[in-house]
Structure formats: structure tokens, C-alpha cells
Amino acid sequence: MAHFVDRVVLHATGGNGGHGCISVHREKFKPLGGPDGGDGGDGGHVELVVDPQTTTLLDYHHRPHRKAENGGVGEGSLRHGHKGATLELPVPDGTVVKDKDGNVLADLIGAGARYRVAEGGQGGLGNAKLASKKRKAPGFALLGIPGEEREVVLELKSVADIALVGFPSAGKSSLIAAISAARPKIADYPFTTLVPNLGVVEAGDTRFTVADVPGLIPGAAEGKGLGHEFLRHVERCAALVHVLDCGTLESDRDPLADLEAIEAELEAYAPDAVTATAQADHAPETVRAIPLNQRPRLVALNKTDLPDGEAMAEMVRATLEERGYRVFEISAVSRKGLRELSFAMAELVAAAREQEETEIAPVPVTVRPKSINDKGFTIRREEKGVPGEGNVPLWRVRGPKPERWILQTDFNNDEAVGYLADRLQALGIEDELFRLGATPGDAVVIGTEADGVVFDWEPTMAAGAEHLQGARGTDLRFEVSHRPTRAEKRQEQADRRAAKAQVRAEMEAAYDADEDYDDVEVVYTQGNPEEDEDSEGRA
């Protein structure tokens, strides 16, 4: 059995960014050819896309957790990781996206309309991208950033031009079946209609849709009965048609009382504020929807084919017209008055469409330049309790850049930690801590309480990089790029021999001057000077 679901909670997670690669190019006669680690790929996004073939949110009711593809890791030889594919989730036309607090984030109307729910994580840079004149051999790479996690509420609101409103068993389903090709379930008990039914009606040159929504009872605006399940599907309609039951068998009900009860519920219900540019890249402008009780309305007195129904219609028609309503006496069974009602609905739809065309205008793009004094981060002093020491100062750093840098850093790599320290210092965090009165050894937290990184602040900000030979990110082996020529090698060998000969001569002169060494024979264990001279002559 097919089910209709018009409200679900969706847990969307963007793909994680791939890690950058640490690699050094190696080949014959070139053991240190420079860094060639590739970048990690970006993670995929999660987007909602309106699909005309999708009519319900049932799929997300059964599987509410969705995650996009992760980005690939970088590899050597400058091979970058692949970019994660965007996960497109099809939703019905008229889907509203809200946050957990009920604020409208997007209103998706029209085939192809889309909204990005969760951003994919950024891929990390490989050590080839981190190389510079001062950092010729980076021994680290940046990590990929995890994808964004969001929890949103999806609500489906019927996209129709006319909504049929009325008490249960007032004849709304019979009416929509009579004027269109829709075939809703019809029975003689209340709440036969549990899901919205849409029908297409043609009156002259105007073609429009009519929604038959679940029945309304007093207290629906507060959620009683089917409550908001009814009213939610009325919000998008340009006009309303009150279907009043003139042949009811209940003694405590009459068409006027039913109309007053329905009007009271329409007035009590507040439509959602929708965004005029939900899919635009710039900041949307919030627009308050027209209240339901202020929209054009018609009154259809149904079941006039019954003797009691016709008499009741004659009794209340004058009163309704005095209140300003256009009244039509109809019968869904005998099709009495349906043509007149259809053309009256077409007039309201045409007027609403003309008004939309005149009111639609391009929304101006508001450019908000970055403030000159904006440092890109904030530092707030907090207190934390330490056993035996009481409250000690804690400095919390917040900002998109430092928080992103924390996620990109491999804290098991001392050189990567030193690179992070250089970035934080260049951003001005160290100077700001000095200005606010921080002292060495104070605890500094970068990020939120849930995923922040805590460390003891040292003004040098060079943690873990002191043991490196030379400046951070350099390799002295790269500095020795000169290969000696054959003549330079011969000259170097001749200089060594001359130095050895000079030392031997000095030693023999010292032995000759000392009388204690007259009987001592000098033996050269590493060669005879005369033999060395002969060998040099042969060379």
C-alpha cells in the first residue's frame, strides 16, 4: 500500500575532503627532485532538487540519513585526488526546507529548483603547493576538512491555484472528481480524505489546479484533528472555495456556522514566512505570506440535489451575499452549477497570475564590503576551574580561518604544527593575546567547546620546529647544488698532498732539532714521500 508523507527530518552530511600528499620526486641521478605531493579532492555537496516525478517524501522517511561522496586523497607525481560527486536528492514540487527552530531556509517551487543543504569539505593541499622560496622541502601536507552536517525539516505543501476547504464529508472529494479527472477516495464517513488530491480543471482558455485537502474541524490551527496537515496545503493557493454541506444530518450544524468556524481557523493560522530569493546566491529577503482569511474566496453550497439541501441553500444564500461572498448552488452528483463555479474560479486564478507578473521584479543585490577593522577572528576571555588552583584564565579564539586551519593540521607532525603557528601569528592572534593581557602558559582554545583544540600559549609560537636543520620547511641538502669539475677534484687532491708533505717536513725538522730522537728512525705508515713523488710524476 502506498503511503503519503509530507513532513520528514533529514540528516544531511557533505563529503569529507581528501588529505594532501607528502611526496618527494626521485629519479636516477636526481634523488631529491623537490616536493611533488598532489592535493586532496573536495568532498561532494548534498543538494535538494525538485523532480516532477516525485510526489512524496516517503523515501526520506525510511532513510533520513544521507551523505555525499568523499574526496580522493592526493598522490605523488602531482596526482590530485578526485572531487566527490554531488548527491542530488529529488523532492516534490512545493517542498519547504526549515531548520530545527522552524525558520524557512528555502521554498522550492518549479522543476529544477535546488537548494544546497550541506557543503562538502575542502581538500587538503599537498606539499608541492606548500613549497616556497623559504620552504623548499615541506615535510607535511594539509588534511582534508570534514563535510558539513545539518539537520533540516522538509515539509511538502501542495502547489495548487484553488483550495477546497470545508468540514469533513462536505463533498470536496466529490466536487473535485466532478470537475476534473482526479479520482479521490469517496465515502460517507468523516476524514475520508487523508492526503491532498490535485485535479486539473479547464474553464475556457484558463487551465488551473484545484486541491482537495483533508477536512477541517474547530481547533485545527492548534493542531487538533488533522490540523496543520490540512492548513499546510492551503498556503500556496491563490484563492479558496468554501464547500458548505447543505444536506447535513447533524442537527447542531448549518452552513453559516460551518463557514464561521472555518473562517476562524483560517484567521488563527499563520502561514510561514518564505524567502523571495531562496535559490539566489545573495542574501534572501524574507516576505510574509498573505494570511489565509485575506485571500479571495468563493462559497459553494453543495448537495442542493437533496430536497432539504435546496431549502437550506435558499435560506442562507441571501445572508452570505450580504457578507460579500459570491455564492454558487451546486451538486457534485447532478453536476448542477459546476460550470458557473469553474468559470468563477478561473477568473480568480487569472487575476492572481496577472498580479504576480506585475509584482515580480528583480531583487537588488546588496553588496556588503568587509569592514576595514575586521580581523577575521575574535578572542574572548573565559574562566575554567582547575582542582587546587581555582579559576584560571582561558582564551577562546573564534573565526572561520583559525578554525579551518585547526582541522587542516596534522598534530602528529611537528613541522605541520610549526606551520600552523606561523599562520596564526601572521593573522595577528599572538599580538591580540598580548594586547588583551594573556601571559605565557595560559590556556588558549581555538574553536567551539565541542571540537575546539586546547594548548598552552607560548609567545614564540614555534612549537616542535626547533630541532629542524636550518629554517622551518627547508632542507640544507637542496642548498648544495654545485658538482665539482675534474680539474677542481685534481686541485683538491694536490692541496691535500701538499698539506701532508708540509706536516711531514715539520715533524722531521722537529726530530732533527731534538737530541733525544737522534737514534729514532721515522717510519711512514701511509706511504713514502719519495714514492708519492714518483707516482705524481707518472700521473
Problem - Members of the stretch 34-55 that are in a loop (DSSP other than H, G, I, E, B) and surrounded by fewer than 24 Cβ atoms within 10 Å (Cβ to Cβ) - result: 34, 36, 45, 51, 52, 53, 54, 55
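Conditions tested, residue by residue: (1) out of contact with any helix residue (DSSP H, G or I) (no Cβ under 7 Å at 6 or more places or on another chain); (2) open to solvent by 80 Å² or more (accessible area, probe 1.4 Å); (3) at pLDDT 70 or above.
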site	(1), (2), (3)
269	no, no, yes
280	yes, no, no
308	yes, yes, yes
327	no, no, yes
334	yes, no, yes
340	yes, yes, yes
Problem - Conditions (1) free of Cβ contacts under 8 Å to residues at least 40 places away in the same chain; (2) more than 19 Å from residue 115 (Cβ to Cβ); (3) β-branched (Val, Ile, Thr); number of the one not met by residue 24 - result: (1)
Exercise for the section: Examine the stretch 1-23 for a residue that is among the acidic types (Asp, Glu) and out of contact with any Asp or Glu (no Cβ under 8 Å at 6 or more places or on another chain), and state whether such a residue exists. Expected result: no
Problem - Residue identified as touching a helix residue (DSSP H, G or I) at 6+ places or on another chain (Cβ under 8 Å), open to solvent by less than 70 Å² (accessible area, probe 1.4 Å), closer than 26 Å to residue 124 by Cβ and in a loop (DSSP other than H, G, I, E, B) among 15, 20, 71 - result: 20
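Name the helices (runs of 4 or more DSSP H) wholly inside the stretch 419-531 in which the number of residues that are at pLDDT below 75, loosely packed, with under 13 Cβ neighbours inside 10 Å and hydrophobic (A, V, I, L, M, F, W, C) is 1 or more. Spell out how you get there, then give the answer.
Details: elements: 429-436, 476-479, 486-513.
Once the helices (runs of 4 or more DSSP H) in the stretch 419-531 are filtered for at least 1 residues that are at pLDDT below 75, loosely packed, with under 13 Cβ neighbours inside 10 Å and hydrophobic (A, V, I, L, M, F, W, C), what remains is 476-479, 486-513.
For the stretch 363-382, does any single residue satisfy the condition of being in contact with a His (Cβ under 6 Å, 6 or more places away or on another chain) and at pLDDT below 80? Before the answer, list the steps.
Restricting attention to the stretch 363-382, the residues satisfying the condition of being in contact with a His (Cβ under 6 Å, 6 or more places away or on another chain) are 365.
Of the ones still in play, those that are also at pLDDT below 80 are 365.
Yes, some residue in the stretch 363-382 is in contact with a His (Cβ under 6 Å, 6 or more places away or on another chain) and at pLDDT below 80.
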Practice task
Say whether the condition of being touching a helix residue (DSSP H, G or I) at 6+ places or on another chain (Cβ under 8 Å) and open to solvent by less than 40 Å² (accessible area, probe 1.4 Å) is met by at least one residue in the stretch 99-117.
Solution key: no
Problem - Scan of the stretch 56-68 for residues that are part of a loop (DSSP other than H, G, I, E, B) and more than 20 Å from the chain's Cα centre (by Cα), ordered by number - result: 56, 57
Exercise for the section: Please determine, by comparing only the residues of the stretch 117-164 that are assigned to a loop (DSSP other than H, G, I, E, B) and β-branched (Val, Ile, Thr), which one is farthest from residue 418 (Cα to Cα). Expected result: 159
Practice task
Look through the stretch 56-68, keep the residues that are touching a strand residue (DSSP E or B) at 6+ places or on another chain (Cβ under 7 Å) and open to solvent by 80 Å² or more (accessible area, probe 1.4 Å), and return whichever of them is farthest from residue 150 (Cα to Cα).
Solution key: 61
Fill in the blank from the handout: Restricting the stretch 283-306 to residues that are part of a strand (DSSP E or B) and at pLDDT below 85, the one least open to solvent (accessible area, probe 1.4 Å) turns out to be 287
Handout entry: Hits in the stretch 238-258 - residues which are within 45 Å of the chain's Cα centre (by Cα) and modelled with pLDDT of 85 or more
Key = 239, 240, 241, 242, 243
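The values are calculated or read from the model by the stated rules, or taken from the named source; none is laboratory data. Just so it is clear, the model here is predicted, and its values are computed rather than measured. Cβ: placed from backbone, ideal geometry, glycine included. Neighbour counts: every protein chain shown. Ligands, DNA and RNA are excluded from the accessible area calculation, which covers all protein heavy atoms including side chains. Shrake-Rupley method; radii C 1.70, N 1.55, O 1.52, S 1.80 Å.
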